[in-house]
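Here's the structure, in structure tokens; my notes come after.
The values are calculated or read from the model by the stated rules, or taken from the named source; none is laboratory data. All figures in this text were calculated on a predicted structure; none of them were measured in a lab. Counting neighbours? That spans all protein chains shown, and the Cβs are built from the backbone with ideal geometry, glycine included.
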Amino acid sequence: MNTPILNRDFSHPADGWYQIESKGEHPNRAAGVVQVIDDEAANAIVSQFNQDAAAGKLRHGRELLIDHEHFSDRPDKESRAYGWLTELRHRADGIYGRVRWSKTGREAVDGGDYRFFSTEYDPKDCQPVGSAIGNRQSAMTKIRPTRLDGLSLTNMNNNRGQKPITNRAAADNPTEKNQMNTIALKLGLAADASEEIVLAEVTRLLNRVTELIPREEENKALHERLAAIDGEQAHTLLDLHGVKDEKIRNRLKPVLMGLKSRDERVAALLDFGFKPEERRSAERFAPRLLNRGEGRPARPEILNPNEQALAQRAEAEIGEYKIRNRCTYAEARNAVRIARPELFGLEKR
């Protein structure tokens, strides 16, 4: 069987995001340091770059020049732009960037002339991390970069582990590859993220779900408890406002429970015309105001101050008994009348 001839071009990431730096510890023996690219470094680099780009504070305004082999910093070399870096993003496996390619750069990466990025950091933008490693003769200091100072195309990148800028397009099962790309993008990863990275992110999400399940049960129990408290308060307020008809109570209860606070529930009952029992009692036994200088004598049903005080105390105790024992007004009045006959002007037995 003859091997098929595949004339596929190098393909760019499906989502347009290129990995410019992989996470890990990258020794740079020429500089005598180990560059630590961890979450802290990636967050700082991405945040600083995007802020500077938005404010137009990058070396070329809102974009960073992408050259080749870091030639733009050497006076004797060309400074041709192979592309322009416009934005950075922190992902699980490293730092990714959006690139606006120039004609020269597009041809270089499409044809496979250049496969990798080489990052550049200024020592003043690096923080020491721990102590030096190695022996005295070859000790290397660990540093954490916090700001990207330059980006270049190369085939000899120092910081290994980076994904190639372009890859041969897969032809074995394009449908399966598209499905994997969709899954990776849904997880917030690069479209061409490896299976290991996708599985690691899925595992992290599953662990998160496992942590949230007990909290969901706690929230459910708390919600039920609050609903019970609101229900009890609604019953109490209906009692205090003298709402005795069960049909009316059943209609008002869900209305009251839908309100946020006791004050709102009381205001609603007042709007519906239900006054608190103690207010009704006070209004019932308050002396009538007669604004005439002369006239007929006070009617016998008007109580003297002592009788008014006893009546108010009786009503208060009836209300408390009714709430405490969840009984009708008539039952509460009968029980208080037996227990406290003096409030009704009766002699104790």
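Key figures for this structure:
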| item | result |
| --- | --- |
| Among residues of the range 188-215, those that are buried (at least 17 other Cβ atoms within 10 Å of the Cβ) and in a loop (DSSP other than H, G, I, E, B), counted | 5 |
| Any hit, the range 205-220, residues being closer than 26 Å to Phe117 by Cα and modelled with pLDDT of 80 or more | no |
| Every residue from the range 20-40 that is in contact with an Asp or Glu (Cβ under 9 Å, 6 or more places away or on another chain) and small (Gly, Ala, Ser) | Ser22, Gly24 |
| Yes/no for Arg115 being out of contact with any His (no Cβ under 6 Å at 6 or more places or on another chain), basic (Lys, Arg) and surrounded by 18 or more Cβ atoms within 10 Å (Cβ to Cβ) | yes |
| Test: residue in the range 141-159 that is at pLDDT below 80 and hydroxyl-bearing (Ser, Thr, Tyr) | no |
| In the range 301-326, the residues that are of a type in the set (Val, Ile, Thr) and either modelled with pLDDT of 75 or more or closer than 12 Å to Leu343 by Cβ (or both) | Ile318, Ile323 |
| Count of the range 223-248 residues which are in a loop (DSSP other than H, G, I, E, B) and either basic (Lys, Arg) or in the same structural domain as Glu315 (by TED's automatic domain parsing) (or both) | 1 |
| Qualifying residues in the range 11-42 (those that are polar (S, T, N, Q) and farther than 16 Å from Ile143 by Cβ) - the one modelled with the lowest pLDDT | Ser11 |
| The range 26-44, residues that are over 23 Å from the mean Cα position of the chain (by Cα) and charged (D, E, K, R) | Arg29, Asp38 |
| Identity of the residue in the range 160-185, modelled with pLDDT of 80 or more and of a type in the set (Lys, Arg), that ends up nearest to the chain's Cα centre (by Cα) | Lys163 |
